[in-house]
1. If you count the DSSP beta bridges with both ends in chain A, what percent of them are antiparallel, to the nearest 5?
2. List the cysteines of chain A that have no other Cys Cβ closer than 4.7 Å: which are they?
3. Once both labels are modelled 7 Å past Cα along the beta-carbon direction, what's the A:Ser421-A:Lys101 spacing in nm?
4. Counting pairs of Cα atoms in the stretch A:203-267, how many percent are more than 14 Å apart?
5. Would you mind working out the magnitude of the charge dipole of the stretch A:102-178 relative to its Cα centre, with +1 at each Lys and Arg C-beta and -1 at each Asp and Glu C-beta, to the nearest 20 Debye?
6. How big is the Rg/Rh ratio for the stretch B:1-156, C-alpha atoms only, Rh by Kirkwood, two decimals?
7. Could you run the Karplus curve 6.51 cos²θ - 1.76 cosθ + 1.60 with θ = phi - 60° over the stretch B:291-303 and give me ³J(HN,Hα) per residue in whole Hz, x for Gly and Pro?
8. Taking θ = phi - 60°, what integer Hz values does the Karplus form 6.51 cos²θ - 1.76 cosθ + 1.60 yield along the stretch B:185-201, in sequence order, with x for Gly and Pro?
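All of the numbers you see were taken from the coordinates with simple rules; none came from a lab. The structure presented is a predicted model; accordingly, all values stated were derived computationally and were not measured. Here the Cβ positions follow ideal geometry from the backbone for every residue, glycine too, while neighbour counts run over all protein chains shown.
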Amino acid sequence: MSTNQIKVDALVVGGGISGMQTALDLGDQGYKVAVVERKSSIGGKMIDLSKVFPTLDCCSCITTPKMSATAHHDNITLLTYSEIESINRDGNGFKVQATKKPRYVREDDCTGCRSCELVCPLEVSEDEHEFGRTSHRVVYVPFSTAVPQKALVDLDHCLFCGKCIQACPSDAIDFTQQPEPVEIETRSIVLATGFETTPINAKKEYGAGKLRNVISGMMMERLLAPTGPYGRVLRPSDGKMPASIAYVQCAGSRDQTLGVPYCSRVCCMYAIKQAMLLSGALPLAEITIYYMDIRTFGKGYEQFYQNAKAMGVEFLKGKVARITEDENQNPIVRVELIDEFGKTRVTERQHDLVVLSVGLLPGGNPQPKFGVPVGEDGFVQVPDYNVFPAVTSQPGIFVTGAAAGPMDIVDSIMMAGAAASSAASYLEAGNGSRKEAQRQPERSVEYA
Amino acid sequence: MAERVNPYFLKELKKYGDVRIEECFNCGNCSAICPLSTEEDNFPRRMNRFAQLGLRDRLLASKELWLCYYCGECTKTCPRQADPGEYMASARRYAIASYDPTGLAKLLYTSPVLSVIFLLVLAVAIGLFFFQASAPMDLQTLRLFEFIPSALIHNAGIIAGVVIVLAALVGMVSMWRRTFQALGYPKGTRLDWWGAIWKAFGVEVLGQLRYRKDCESSAVNKPWYAQKWFIHASMLWGFLGLFVATALNYLLELLSVKATGTWVPLWYPIRLLGTVSGLFLLYGTSLALLRRFRKDDTSYEKSTFSDWTFLALMWLAGVTGFLLEIAVYLPPFAWSYWMLLAHLIVVGELLLLAPFSKFAHAVYRSIALYLWTLKPLPESEQASAPAAAD
């Protein structure tokens, strides 16, 4: 097997919204870019969301075009289902070793027709996007708007019955595929490794993930999304339409017992957004948001919050200390409520469904592979955040999006611009003397 | 009513323990996680606020301070790691020192060095007081109460008792006035004074109901006899039992039934009560000392000097007491006489320092529990009864 070699100006690690935008911004300027994505599709966390705040735009509708544009851009090479193994500085550039994991489907041949999926006899739990609330076949296209729209085989569950091989019209199934090494020669690197959310079982007082009707904000996104598992909001334990839904804010942020002293910045807004969407999806449901402080700092955010209040969403100040459940698996929250006169009472309130507004954690530690130090919070350290927000302490390595710290979509896209700009300046400044030949005579700025 | 703010309050509180309550951002997690918090009587968050704002008088008027048994749930789950549990304990120490007008409690709580000196001087003083009145030791037959006359012990005990009660009364009245006023019952409200007695003193103080049922809910990994409530109850019951046995013993002497020091068999009711109570005391104090040493519970992690001295004195009282009981059977008797002296010194220190040490929590907690239980009489009796004249 021959080693694939790619030579680019910039390597973007991570194909979420910030990584895609960085790649597009650099590609549009004529730089050659490679995007390495760990999962089988780009799109990151954003493609899983229902709608975005504060505009309530449909997430699929604005993410999918970016995904397509990234995939079809002349200057962008997409490596999905791939991992970075190591990087080494080589003169002014880097030599990066990556591995393309086997899909057991030849990407070049697969047309995404899903014939294989239709004949596959086995279904397995869909854990990557739907938290096990639905299933997919053993050979499957990750989701309907996945990019690339190519199938892959979950070999651990495969029976090797061969039905997909017979059904595939382009003979793309290949069970002999091996991990494929890819060598990427690049002059700069942009880290866009994103974030993870607080695990649902992180907090023992919130049932440690054992209460079935206590779900995370991300799970609620899927319930609200048009492409979600049920196409409507049902609670997990019995499929009942919840009549009373509570949000527990700071369920993973500003909590030193979880080692997370910082504010995750997005939870207030996504909870308010979901409350609004729920008001539409379940017009009769009562929605309560238990909060310590409401932080609606962005453009149009405060108005968004006031709108939610006006729509009848109940905001109660108090940190939920404990969640238990009654015999019908209705969650009960215990909280100290403080009214506007300073009068306090400790009370227990029962709801049908509780959503934990889980916080944002670093998506991984890039330090060992990239030599980029991380801060106490685990996010990539940016030495001069106010002046050079995307420049790390390693020359030629930049950072964007939630890899640098908790950040919403608006900021992630803005930072992508900053990262692309910083990387371009670095490339232009003679670091690795950019060859004129690499520049496209005509720029292609039309996406897809 | 005007509220007086003391800007140095938090600084002062910090002398009484590892207070870091300025970290608190008042989310209310502590109050809501607290198994003892009820709809109206909730803590510790409100107490935290008093420290942050310098509302010393409000804190000293809070019965809630004394309702806490320090299970440590608030400390374990505090998002700011502000340690509300240790703050409450420190605030109780501060309150004991504040209710005490002599300043002795403050000294004992805030200065371990001076405390040690004071305890040693007091020990020598008590020792000398009894030793100067002692008769030569009879090494052939054990005559403890001829070595140190029982009349002297009794009289000294009674005089010390009066002093202790008077000193304690000052603090109790001070605390009662503040906390009762803070309950805010309108003048003329008829309260169920009698009804609260059994529930407060019987069920809560002696029965330790809330400590047992609520505070141990999370401690599933310990058998009942190693749980904090039982350790605490052992000490409480043991001490009370010994106190009653001593008093009854004296009563029998006054009634000329049995002179102090007369040999009686083990099953003799008063001796039996004393022995069993002593065992309880020894068990409770030993386990409490051991668990504090091991720091195997959130509340045991930050023991102060005052915690150690109180427990150590109680433990020594138990140990010397039992050695004394064994001494009767084990000649030569020289060490037995010294043991009596040691026992008198330890018990003397324990009792004389009661109003100024951790011991004082016994009365303040009892008052707080009584006020917590105290509720107005039902509406019907309010209407029919003439308004109280005050």
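1. Bridges in chain A that DSSP calls antiparallel: roughly 55 percent.
2. A:Cys59, A:Cys110, A:Cys113, A:Cys120, A:Cys158, A:Cys161, A:Cys168, A:Cys250, A:Cys263, A:Cys267, A:Cys268
3. A separation of 3.6 nm, rounded to one decimal place.
4. 65
5. Values: 7 positive and 13 negative charges, 39 e Å.
The calculated dipole for the stretch A:102-178 is roughly 180 debye.
6. Numbers: Rg = 22.5 Å, Rh = 18.5 Å.
Expressed as Rg/Rh, it is 1.21.
7. 5, 5, 5, 7, 6, 8, 8, 3, 6, 9, 6, 10, 6
8. Using θ = phi - 60°, the values come out as 6, x, 4, x, 5, 8, 9, 7, 4, 6, x, 6, 4, 5, 5, 6, 7 Hz.
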